[in-house]
Structure formats: C-alpha cells, structure tokens
1. Do we have Gly72 as at positive phi, in contact with a strand residue (DSSP E or B) (Cβ under 9 Å, 6 or more places away or on another chain) and touching a residue at least 60 places away in the same chain (Cβ under 8 Å) here?
2. Report the residue count in the range 133-163 for those that are closer than 17 Å to Gly116 by Cα, charged (D, E, K, R) and in a helix (DSSP H, G or I).
3. When you look at Trp209, is it at pLDDT below 95 and surrounded by 17 or more Cβ atoms within 10 Å (Cβ to Cβ), yes or no?
4. Quick one: Val223 ticks every box in (1) modelled with pLDDT of 55 or more; (2) surrounded by fewer than 20 Cβ atoms within 10 Å (Cβ to Cβ) bar one, so which box is it?
5. So which of Leu27, Leu41 ends up being among the aliphatic types (A, V, I, L, M), assigned to a strand (DSSP E or B) and within 27 Å of the chain's Cα centre (by Cα)?
6. In the range 198-210, is there at least one residue being touching a Phe, Trp or Tyr at 6+ places or on another chain (Cβ under 7 Å) and either of a type in the set (D, E, K, R) or part of a helix (DSSP H, G or I) (or both)?
7. Quick check on my filter: what residues within the range 46-62 are crowded, with 17+ Cβ neighbours inside 10 Å and out of contact with any Lys or Arg (no Cβ under 6 Å at 6 or more places or on another chain)?
Amino acid sequence: MGDPGVRLTMSGLLRGHDLAGDAMVALDEDVLRIDSAGGALRLPLAWLDGARYAVGTLELFMTRGDVVVMSGSPALGTLATQLERRVMMIPELTRSLRGLGSGRAAPGPEHDRFLGALWAARREAEAAPSPDRARAAFDAAALRDALIQRLHDMAGDHHPDEPPERRALDAELLELAEPLLAQLGLLERKQEALASSDDAERLARWREWAAALHVTFERADAVWLEMVPALASDRPTRAKRWNRRGGGARRRTRGGEEM
C-alpha cells in the first residue's frame, strides 16, 4: 500500500485546474497525488520550482507561474520536509563514467589521486544530514584548488630531479584539464545561484546545480582518460616538444591564472 496521504484544504490553480476545496495529498515517488471532489491529479515534482512552509501553510510554486496553497493539517510540515528531500537529492554520479574500473583508465594510485577530491566530496555528501550540507560538500572553488594542486604534485612525482620536464608535464596536464576546470567554474556559478535563491525558485536552482555536478563527474572521467597517455610513459624530450608548441609560456599558478 502507498502513502495514504494528508487530508487538507487547497486553493489555487494548477495548469487551468481549480484546486479550491478539500483534498487528500500524498507523495508517491516523483509525483504528488491530489485527490479531491473535482477528480484526481498527478503533479510531477519536476513541475515544482520552489516551496515555502510557514506554520500551518505550504505554498508550492510551479514552473508556469501557478501557486498552490495547502493548509488545514498539522502534517504539512512533514510533507514539506519530504518534498524537499525528494527533490533535493544528489544525483547518481558514477554510473555513466566510462573510465571507472576499466583497463583503459589505468586504475591505480594516480587515478585515485586525481579523482580523490571528488570521491571525498561524494562520500561526505552521501552522509550529510541535509540537502544544504550535501551541496556544501561539493564546494567548487575548493575542488578546483585541490585538482590543480594534485596535477602539480603528479608532475613533481614523475620528474622530481628534472625541473624542465616537470614544468612541461605540469603544463601539459593543466592544458588537458581545461575542460574540467571550465566545468568547475560553471558549477561554482550554479552553486552561487542556488545559495542566493529564494523559496520560490530554490528547487529549480537545485536541479540546475545537480545537473552541473553530474556533468562535472563526467568531465573528470573524460579528462582522466586523456591524461593517461601523458602519464604512462617518461618522455625525456617532453620539455623540448612543449616549448616548440609554445606551451612553456602558459604555465599556471596554483590559483589557475596564467603566467
């Protein structure tokens, strides 16, 4: 048996349907079921841009500008919390990764090191007690700094006693990482938009941030696959080739700015 629902009073319009009157409302997977004298409606949670709960009243803000108001039940606070948790979930982040666990990805210490900050953030988010804490685990600026530092460290480990080769590998890795660094910049902008959003748009901003987070993991996977050949062999002429390409003049600092 599904959730029997909450008996309450509704008002407002939902895509042309007048919802005034008593109704039974229940949360069912990704749909809000509304049963009233006027018939049964199924409200996909994807239609929700935001929700606002005050004592005794729950307002739902819809994608087309409709507003639905629910009142008259002490269970509305619980329903509001359930709605938020159902919509504000961390998406599946690893299922589509082509390199994860494959031979082509050269899994090993360097693979884990490169992706370490993302994996750690994912573990922290999974254990977070609230959506806001889960989102905070993926701080884009911190992830970008950690990534750049890991690339510097990897180049140093490959060429500890050869500064020109180390600098060339460092520059090459940073160039290969550009798509991921750009995506982390987008993630940061979505993070800021979510942090500054009000109740009426918070769920919509969350979806945009979650979509950007999913792409960030895909981009990290693709970038690592591009880096494998650069890390797989010691190329003593790397620095000479890199300088001929003009790469030697584009070394990045830890903060990511060109020098």
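1. yes
2. 5
3. no
4. Failed condition: (2).
5. Leu27
6. no
7. Residues satisfying the conditions are Trp47, Leu48, Asp49, Ala51, Tyr53, Leu58, Leu60, Phe61, Met62.
Table: residues versus (1) closer than 30 Å to Pro229 by Cα; (2) modelled with pLDDT under 85.
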site: Val6; (1), (2): no, no
site: Leu14; (1), (2): no, yes
site: His17; (1), (2): no, yes
site: Asp22; (1), (2): no, no
site: Arg33; (1), (2): no, no
site: Thr57; (1), (2): no, no
site: Gly77; (1), (2): no, no
site: Met88; (1), (2): no, no
site: Arg113; (1), (2): yes, no
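The values are calculated or read from the model by the stated rules, or taken from the named source; none is laboratory data. Keep in mind it's a predicted model, so treat the numbers as computed, not measured. Using ideal geometry, Cβ is built from the backbone for each residue, glycine included, and neighbour counts are taken over all protein chains shown.
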